[in-house]
Every structure is written in C-alpha cells, then in structure tokens.
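*Asks:* Okay, handing you the structure first.
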Amino acid sequence: MTHHWFGGSWVYGDELEDTKLAYPYIVSKYFDVECKNHAVNASSIQHMLIQFKQAIFEPGDTAFFGLTSEDRNYVYDTHLYYSANLLKDYRIDLELNKHWYKYFDSPQQRQHSIASTLDLLKAYCVALDVTPYFYNTFTVSSYNCLLLENKDWLIDPAECLANEILHIIDNDYYDVVTKDQHWIKESDWRIHEPLVHKYIRPNYAHPNSLGHQMLSKKLINLYSELGALKYSNKLEDR
C-alpha cells in the first residue's frame, strides 16, 4: 500500500532544508508505508486534480488531500496559478491575476468550483479503490459537497491542521500569520508569537522541522484512531 499526498506548500515541505522532513514522509514512515508526495507549492484545491491525474495508484492505496486557502484557483492547461495574496510569486501572471479577481472571482464561484473539485476527487478515489481523506491545512472553509461524508474528513472540517501549532488562523485574508497585525488582539498575539518562533522560524510562512513533527503527531493519532474504528466495525459486522 502507498500513501499519496496532495496539496500545496505545507504538504510539499516548502522552506525546509530537506523536503523529506515534511509531515507526509514522517506519517507514512511511522506506518511503514511508501510515501509519494505530489504536492505543488502555491497551488490550489483545484490543482489537486492535476496532481491526482499524474499519480499512479494501486487498489488499497490511501490519498490524503490537504486543502489550501479558498482564494486560490487554477485554470487548466494555462500553467498559471491564481491567488488573491500571492502577488509576488513567479508562477503568477500579475495582469491575469488582477483581472481574475476583479471580474470573475466571487464567493459563489469559489464554492461551486471547490465543492465540485472535492466531489470529483472523491469519485475518482472510489472508482480506483483508493481511500480518500481530506483536511484543511492553514485556513478553514466549508463547502457544500454532494459526495463527501463526515468519515472522509481526517480532521474536523471546522478546524485545520495549523491549529496544532498556531493560535491565530486567518480566514479573512487567507494568510499564515507570522507577524503582528492591526486586527490581532494583544492577548492573542502574546499566545501566538512564541508559537511562531517555535514552530515556524526561521521560515517565513511554513512550518520548520519541529513544526512538521508536531503536525505529523496529530495526523498519526487521527489516522490510528480511524484504523481502530474500522477494525471495531469489522468485528461488529461479524
């Protein structure tokens, strides 16, 4: 069996000296399973369809989908990424990006596009006999999916993986908060700042090696609980 990991920069292991220190490799190694990390920096939920189609699966494999922020998008076969806040990324055409968010982006469009993407990923997994698990990485959003069930979420959709190492989650500007800002309460920043220094620095917006270790512990515990639950259900079905 193989663990396949999909998503953006947190899943990829951006800013680490060695991307093999990222949590997907730690989790898969713990369960003695091969790890294939298909994540792409600065990509979107929609881009996971591209990552998924490039992967090679065997029946019984597991797919982990790390959802990035809802403001991002990807238009197929343009090789361009769209993002409301990554205006200096070399993968973004600034002029096209500006026009996208000025004329086409809307909450309704995001909801439809992302919900359809997640449903399609679930359907692909079912067709290939691959077990899918979804989780939010550093922001939280809810999507009106038709196929996703509660059991498909590795982490409660009202939470995100970053909750394990950070106190403040930015669901308004879709950013990883690593510096004090005008909208942050002083009491919250006093809690958040030491966590940034411990689990992010010297990186800018991605977990350091200790941060990835903490994230992997969270996922290992959750995945272990799911395995125990499946075993218990099999015993009850006998």
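The values are calculated or read from the model by the stated rules, or taken from the named source; none is laboratory data. Computed from a prediction, not measured in an experiment: that's the story for all the values here. Virtual Cβ from ideal backbone geometry, glycine too; neighbours counted across all protein chains shown.
*Asks:* How many residues does region 179-201 contain that are touching a His at 6+ places or on another chain (Cβ under 9 Å), over 19 Å from Y23 (Cα atoms) and either basic (K, R) or outside any helix (DSSP H, G or I) (or both)?
*Replies:* Qualifying residue count for the region: 2.
*Asks:* Next question, about the same structure. For N144, which of the numbered conditions (1) of a type in the set (S, T, N, Q); (2) under 30 Å from L195 (Cα atoms); (3) surrounded by fewer than 16 Cβ atoms within 10 Å (Cβ to Cβ) fails to hold?
*Replies:* Unmet for N144, out of (1) of a type in the set (S, T, N, Q); (2) under 30 Å from L195 (Cα atoms); (3) surrounded by fewer than 16 Cβ atoms within 10 Å (Cβ to Cβ): (2).
*Asks:* What are the residues in region 1-52 that are part of a helix (DSSP H, G or I), among the polar types (S, T, N, Q) and under 18 Å from Y135 (Cα atoms), if any?
*Replies:* S9, S28, Q51
*Asks:* Next up: Starting from region 103-118, keep only residues that are in contact (Cβ under 8 Å) with a residue 12 or more places away in the chain, then list their pairs with residues that are assigned to a helix (DSSP H, G or I) whose Cβ atoms are within a distance under 8 Å, requiring at least 6 positions of separation or different chains.
*Replies:* If the second residue must be assigned to a helix (DSSP H, G or I), the pairs left are T117/M48; T117/L49.
*Asks:* For region 20-69, what are the residues that are closer than 30 Å to N97 by Cα and among the charged types (D, E, K, R)?
*Replies:* Listed by number, the list holds a single entry, K53.
*Asks:* Also, I was wondering about something else. Looking at the structure I just gave you, is H167 over 18 Å from P24 (Cβ atoms) and either among the β-branched types (V, I, T) or within 19 Å of the chain's Cα centre (by Cα) (or both)? Reasoning before the result, please.
*Replies:* Working: over 18 Å from P24 (Cβ atoms): yes; either among the β-branched types (V, I, T) or within 19 Å of the chain's Cα centre (by Cα) (or both): yes.
Yes: the conditions hold for H167.
*Asks:* Let me ask something else about it. Of the residues V33, V11, only one is aliphatic (A, V, I, L, M), crowded, with 20+ Cβ neighbours inside 10 Å, at pLDDT 95 or above and closer than 26 Å to I165 by Cα; which?
*Replies:* On inspection, the qualifying residue turns out to be V11.
*Asks:* A further question on this structure: Go through region 128-178 residue by residue and tally those that are modelled with pLDDT of 95 or more, assigned to a loop (DSSP other than H, G, I, E, B), under 23 Å from L49 (Cα atoms) and hydroxyl-bearing (S, T, Y).
*Replies:* Residues that pass the stated criteria total 2.
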